[in-house]
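> I have a structure here, written as structure tokens, and I will follow up with some questions on it.
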Amino acid sequence: MATSFPLQPLEIMAKNHAILATTGFLILLPLGVLIARYARTFTPVWFPVHFVIQLFLSGPVILSAWYYGWKTSDVLGLGHFLDPHQKMGLVLLILYVFQLFLGFFTHFIKLRSPFGPGTRPPQNYFHVFLGLVILVLAAEQVHYGLYIEWAFATGGLHVVPMAAKRAWIALIVIFWVLYLVGLALVPKQYSREKRARHGTTKSDEVGLQNNQSGDVQSA
């Protein structure tokens, strides 16, 4: 921190909370999202990696962050779920757990889509949408913690270093740039999935197109 005297025990607890929450919500969860976005374009076995990151890596980190946040409020005697940061922390935890169950349901329970054969049911799209909503809310939550909650909870003995604020910006920009770039792969993903449903390969499609072209020319 900016001043020379060391962090107080309360500040260390709050710092641990901040680091763990940022790691869980702004590094690990986005990493799992990006792996799903990119890897599913090229392979049907992307899900185990996505699953491990979102549950077994992110889960313990997020729960630890929540624990440190709870303990910090206890030490301060502030009570729980009273200020905006505490309330949003509870909302994010609930949404995260719900998203995990929704992911299980979406992947393992295949319902018929009302949009017709070969299309995804609504819960698939909602799973993606909710995941992005969680990341947006988490970004704002970390911002609130850096700019408002830290000074409120610790009394401003040490200021949040600019490096932490720049890191927040970098994480947000990097994720959204990579995610938007990854959307350009959606047509290729759908094409691979279509071939998988029909039991064909890309070379089969090319061969069929060549045969059709030859038929037209000969006609």
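The values are calculated or read from the model by the stated rules, or taken from the named source; none is laboratory data. Everything numeric here is computed off the predicted structure, so don't read it as measured data. We place every Cβ from the backbone using ideal geometry, glycine too, and count neighbours over all the protein chains shown. Keep in mind that these areas ignore ligands, DNA and RNA; they rest on the heavy atoms of the full protein, side chains included. Shrake-Rupley method; radii C 1.70, N 1.55, O 1.52, S 1.80 Å.
> Return a yes/no flag: does the stretch 68-89 have any residue that is over 27 Å from Ala184 (Cα atoms) and among the β-branched types (Val, Ile, Thr).
Looking for residues that are over 27 Å from Ala184 (Cα atoms) and among the β-branched types (Val, Ile, Thr), one finds at least one in the stretch 68-89, hence yes.
> From Phe98, Phe104, Phe56, Phe115, which residue is open to solvent by 40 Å² or more (accessible area, probe 1.4 Å), over 21 Å from Leu20 (Cα atoms) and not in a loop (DSSP other than H, G, I, E, B)?
Phe104
> Now, a different point. Could you figure out which of (1) touching a helix residue (DSSP H, G or I) at 6+ places or on another chain (Cβ under 9 Å); (2) closer than 30 Å to Leu78 by Cα; (3) in a helix (DSSP H, G or I) isn't true of Ile169?
In the conditions (1) touching a helix residue (DSSP H, G or I) at 6+ places or on another chain (Cβ under 9 Å); (2) closer than 30 Å to Leu78 by Cα; (3) in a helix (DSSP H, G or I), Ile169 misses (1) alone.
> On the basis of being open to solvent by less than 40 Å² (accessible area, probe 1.4 Å) and either touching a residue at least 60 places away in the same chain (Cβ under 8 Å) or assigned to a helix (DSSP H, G or I) (or both), does Gly79 make the cut?
Answer is no for this residue.
> Taking the residues in the stretch 42-53 that are touching a residue at least 12 places away in the same chain (Cβ under 8 Å) and surrounded by fewer than 19 Cβ atoms within 10 Å (Cβ to Cβ) as candidates, determine which candidate is nearest to Leu135 (Cα to Cα).
Per the stated criteria, the residue is Phe51.
> Another question, then. Filter the stretch 138-163 down to residues that are touching a residue at least 24 places away in the same chain (Cβ under 8 Å) and among the small types (Gly, Ala, Ser) and give me whichever is nearest to Ala18 (Cα to Cα).
Gly145
> Answer yes or no: is there a residue in the stretch 128-149 that is modelled with pLDDT under 90, open to solvent by 40 Å² or more (accessible area, probe 1.4 Å) and not polar (S, T, N, Q).
No, the stretch 128-149 contains no residue that is modelled with pLDDT under 90, open to solvent by 40 Å² or more (accessible area, probe 1.4 Å) and not polar (S, T, N, Q).
> (1) without any contact (Cβ under 8 Å) to a residue 24 or more places away in the chain; (2) surrounded by fewer than 16 Cβ atoms within 10 Å (Cβ to Cβ); (3) over 30 Å from Glu193 (Cβ atoms): which one isn't true of Gln86, the others all being true?
For Gln86, the exception is condition (2).
> Can you name the condition, by its number, that Leu34 falls short on among (1) in contact (Cβ under 8 Å) with a residue 60 or more places away in the chain; (2) surrounded by fewer than 20 Cβ atoms within 10 Å (Cβ to Cβ); (3) part of a helix (DSSP H, G or I); (4) out of contact with any Gly (no Cβ under 9 Å at 6 or more places or on another chain)?
For Leu34, the exception is condition (4).
> Please determine whether any residue of the stretch 79-93 is among the basic types (Lys, Arg), within 30 Å of Gly156 (Cβ to Cβ) and out of contact with any Phe, Trp or Tyr (no Cβ under 7 Å at 6 or more places or on another chain).
No, there is no match, as no residue in the stretch 79-93 is among the basic types (Lys, Arg), within 30 Å of Gly156 (Cβ to Cβ) and out of contact with any Phe, Trp or Tyr (no Cβ under 7 Å at 6 or more places or on another chain).
> Restricting attention to the stretch 11-31, which residues are open to solvent by 40 Å² or more (accessible area, probe 1.4 Å) and either more than 26 Å from Asp74 (Cβ to Cβ) or at pLDDT below 95 (or both)?
The answer is Ile27, Leu31.
> Can you tell me which residue is least open to solvent (accessible area, probe 1.4 Å) among those in the stretch 153-202 that are more than 27 Å from Phe129 (Cα to Cα) and in contact with a Phe, Trp or Tyr (Cβ under 9 Å, 6 or more places away or on another chain)?
His158
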